[in-house]
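Trainee: This is the structure, below, for whatever I ask next.
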Amino acid sequence: MTWIGAHATVVLQSVGAVTNFAGVLLLFRYGMPFRVRAKPSYMVVRLQSSDDQRTDKHYAVCGYLGIAMVVLGTLALIGASWIHPTLQPVPSNAPPPAQV
């Protein structure tokens, strides 16, 4: 029996929590990768330099990575909650279950 097999719930909970935390940090740092416009009355158009475009692309990639990490972390936490303790392998040195 491997360590991960015996402690799958704890491993999934830890991975999910750390992934969620890292994703939230990325979203706070780089923001959401898309913007919702509310009733634009006018638009200002300006040409972007290649540095501005590179920075915008970097922020968008990090934002989408943050969203993906939050989703994957949440799925890991949901998966950990579905693993029932009785379905996990029993250590070989454990006493047999009592007969009712």
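Trainee: Show the residue pairs meeting these rules: Cβ distance below 6 Å; 6+ apart or different chains; first residue within the stretch 13-26 and part of a helix (DSSP H, G or I); second residue among the β-branched types (Val, Ile, Thr).
Mentor: If the second residue must be among the β-branched types (Val, Ile, Thr), the pairs left are Asn20/Val70; Gly23/Val70.
Trainee: Check the stretch 41-58 and report whether any residue there is surrounded by 13 or more Cβ atoms within 10 Å (Cβ to Cβ), touching a helix residue (DSSP H, G or I) at 6+ places or on another chain (Cβ under 9 Å) and at pLDDT 80 or above.
Mentor: Going residue by residue through the stretch 41-58, those that are surrounded by 13 or more Cβ atoms within 10 Å (Cβ to Cβ) are none.
No.
Trainee: Right, something else. Please go through the stretch 1-40 and give me each residue that is at pLDDT below 80 and either more than 23 Å from Ile83 (Cβ to Cβ) or loosely packed, with under 10 Cβ neighbours inside 10 Å (or both), ordered by number.
Mentor: Residues satisfying the conditions are Thr2, Trp3, Phe34, Arg35, Val36, Arg37, Ala38, Lys39, Pro40.
The values are calculated or read from the model by the stated rules, or taken from the named source; none is laboratory data. Keep in mind it's a predicted model, so treat the numbers as computed, not measured. Glycine gets a Cβ as well: all are built from the backbone with ideal geometry, and neighbour counts include every protein chain shown.
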